[in-house]
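**Student:** Have a look at this one before I ask anything.
The values are calculated or read from the model by the stated rules, or taken from the named source; none is laboratory data. Keep in mind the model is a prediction, meaning the values are calculated, not measured. Heads up, the Cβs are rebuilt from the backbone with ideal geometry, glycines too, and the neighbour counts pull from every protein chain shown. Note: accessible area is taken over every heavy atom of the protein model, side chains too, but ligands, DNA and RNA are not part of it. Shrake-Rupley method; radii C 1.70, N 1.55, O 1.52, S 1.80 Å.
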Amino acid sequence: MSGEPGVGPAGPQPAGDAVYGAVIFDMDGVLVDTEPIWESVRAAFARQHGRGWGPEDHPVVAGKNSREWAASMRGHLGISAGEDEIERAIVDGVVDALRRDGAPPVEGAADAARRISTHTRTALASSAHRDIIAATLAAAGLDGTFDAVVSSDDVPRGKPHPDVFLEAAHRLATPPDRCLVVEDSLAGVLAGRTAGMTVLLVPSPSFPPPPEALAAADWVLDRLDALQLPSPAALAAVARPGGHR
């Protein structure tokens with residue numbers, strides 16, 4: 001970012017203790033530790049079709065919306081199942097697991113989202129299917145927390161394209177350069193950057209991002225609950241600069 005205080009490539013940022021105009025949260029890996037559920041369901045599906053699925057396959061689907069990851073799984077696994085069948089099987093499997101076992105928490109993250117939502121407008125912008133978002137928010141006790149909830153299925157392209165974040169900013173009536181994005185993945189960081197937003201990387205406890213994500217983020221913070229106020233000053237006090245600063 002520019003060396004001038006409070007100014008980045010997307011335009012002026014809030015200064016001092018002024019809060020961001022909006023904070024946009026990713027869901028899986030940021031607010032809930034649900035990535036292992038997704039991977040378990042995908043692995044079970046692959047086994048049913050005589051294929052394997054492990055952590056090394058995760059980049060095939062990372063950040064993509066439902067249409068995109070279903071197509072990617074079909075091609076990657078080399079199976080005859082249709083994309084609609086793949087999508088439905090994975091979505092239903094994840095929803096069933098959430099309803100049965102709950103949403104594994106990221107320590108302090110849900111409380112941080114609730115607190116931040118008392119200071120500024122907030123949105124959830126997730127790559128997940130709408131059914132999974134609804135089940136996750138219910139399981140995590142986050143229903144009604146956000147002013148807007150957007151799925152990448154609502155927009156033409158998933159992450160790393162900026163569509164889901166730009167749609168969230170639009171629904172919040174907030175210019176992108178006044179938005180703070182909270183992400184855990186490389187695809188999400190790149191999407192936030194391309195949208196012209198300030199990007200805070202909070203690494204997932206289960207799927208730590210590659211070094212490229214730290215290099216692309218504006219800020220890096222180990223625990224979201226360390227951020228007490230959604231302002232640039234408060235962020236600078238607790239986070240370390242990412243490679244983009």
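**Student:** Which members of the stretch 51-63 meet the condition of being open to solvent by less than 60 Å² (accessible area, probe 1.4 Å) and more than 14 Å from Ser204 (Cα to Cα)?
**Tutor:** Once the filter is applied, which keeps residues that are open to solvent by less than 60 Å² (accessible area, probe 1.4 Å) and more than 14 Å from Ser204 (Cα to Cα), the stretch 51-63 yields Gly52, Trp53, Gly54, Asp57, Val60, Val61.
**Student:** Which of the following residues is crowded, with 21+ Cβ neighbours inside 10 Å and within 16 Å of Gly29 (Cα to Cα): Leu200, Leu172, Leu180?
**Tutor:** On inspection, the qualifying residue turns out to be Leu200.
**Student:** Being in contact with a helix residue (DSSP H, G or I) (Cβ under 9 Å, 6 or more places away or on another chain), under 20 Å from Ala191 (Cα atoms) and open to solvent by 50 Å² or more (accessible area, probe 1.4 Å) is the filter here, so list the residues in the stretch 224-244 that pass it.
**Tutor:** Passing the criteria: only Gly243.
**Student:** Which of the residues spanning the stretch 49-67 are over 16 Å from the mean Cα position of the chain (by Cα) and either under 22 Å from Ala135 (Cβ atoms) or β-branched (Val, Ile, Thr) (or both)?
**Tutor:** Within the stretch 49-67, Trp53, Val60, Arg67 qualify.
**Student:** Further, regarding this structure: For residues in the stretch 176-223 being touching a helix residue (DSSP H, G or I) at 6+ places or on another chain (Cβ under 7 Å) and hydroxyl-bearing (Ser, Thr, Tyr), which is modelled with the highest pLDDT?
**Tutor:** Filtering the stretch 176-223 for residues that are touching a helix residue (DSSP H, G or I) at 6+ places or on another chain (Cβ under 7 Å) and hydroxyl-bearing (Ser, Thr, Tyr), the one modelled with the highest pLDDT comes out as Ser185.
**Student:** I would also like to ask the following. Might you let me know whether the stretch 40-50 holds any residue that is outside any helix (DSSP H, G or I) and modelled with pLDDT of 95 or more?
**Tutor:** yes
**Student:** Here is a follow-up. State whether the residues of the stretch 134-143 include one that is β-branched (Val, Ile, Thr) and either touching a Gly at 6+ places or on another chain (Cβ under 8 Å) or open to solvent by 10 Å² or more (accessible area, probe 1.4 Å) (or both). Give the derivation first.
**Tutor:** First, pick out the residues of the stretch 134-143 that are β-branched (Val, Ile, Thr): 136.
Now narrow it down to the ones that are either touching a Gly at 6+ places or on another chain (Cβ under 8 Å) or open to solvent by 10 Å² or more (accessible area, probe 1.4 Å) (or both): none.
Within the stretch 134-143, none of the residues are β-branched (Val, Ile, Thr) and either touching a Gly at 6+ places or on another chain (Cβ under 8 Å) or open to solvent by 10 Å² or more (accessible area, probe 1.4 Å) (or both).
**Student:** Here's another thing I want to ask about it. What are the residues in the stretch 101-122 that are open to solvent by less than 80 Å² (accessible area, probe 1.4 Å), part of a helix (DSSP H, G or I) and touching a Ser or Thr at 6+ places or on another chain (Cβ under 7 Å), if any?
**Tutor:** Listed by number, the residues that qualify are Ala113, Ile116, Ser117.
**Student:** I'd like to check something: does the stretch 21-33 contain any residue that is farther than 29 Å from Leu172 by Cβ, surrounded by 22 or more Cβ atoms within 10 Å (Cβ to Cβ) and touching a Phe, Trp or Tyr at 6+ places or on another chain (Cβ under 8 Å)?
**Tutor:** Within the stretch 21-33, not a single residue is farther than 29 Å from Leu172 by Cβ, surrounded by 22 or more Cβ atoms within 10 Å (Cβ to Cβ) and touching a Phe, Trp or Tyr at 6+ places or on another chain (Cβ under 8 Å).
**Student:** To continue, here is another question. If only one of Ala140, Ala123, Ala148 is touching a Leu at 6+ places or on another chain (Cβ under 9 Å) and farther than 17 Å from Ala22 by Cβ, which one is it?
**Tutor:** After ruling out the rest, the residue left standing is Ala140.
**Student:** Right, here's the next one. Taking the stretch 64-81, which residues are open to solvent by less than 30 Å² (accessible area, probe 1.4 Å) and of a type outside the set (Val, Ile, Thr)?
**Tutor:** Result: Asn65, Ser66, Trp69, Ala70, Ser72, Met73, Leu77, Ala81.
**Student:** Every residue in the stretch 115-135 that is farther than 27 Å from His161 by Cα and free of Cβ contacts under 8 Å to residues at least 40 places away in the same chain, please. Even if it seems obvious, please write down each step before you answer.
**Tutor:** Of all residues in the stretch 115-135, those farther than 27 Å from His161 by Cα come to 115, 118-119.
Of everything in the stretch 115-135, just one residue is farther than 27 Å from His161 by Cα and free of Cβ contacts under 8 Å to residues at least 40 places away in the same chain, namely Thr118.
**Student:** The conditions are (1) part of a helix (DSSP H, G or I); (2) in contact with a Ser or Thr (Cβ under 9 Å, 6 or more places away or on another chain), and Val30 fails exactly one of them. Which is it?
**Tutor:** (1)
**Student:** Scan the stretch 38-67 residue by residue and report those that are charged (D, E, K, R) and in contact with a helix residue (DSSP H, G or I) (Cβ under 8 Å, 6 or more places away or on another chain).
**Tutor:** Listed by number, the residues that qualify are Glu39, Arg42, Arg51, Asp57, Lys64, Arg67.
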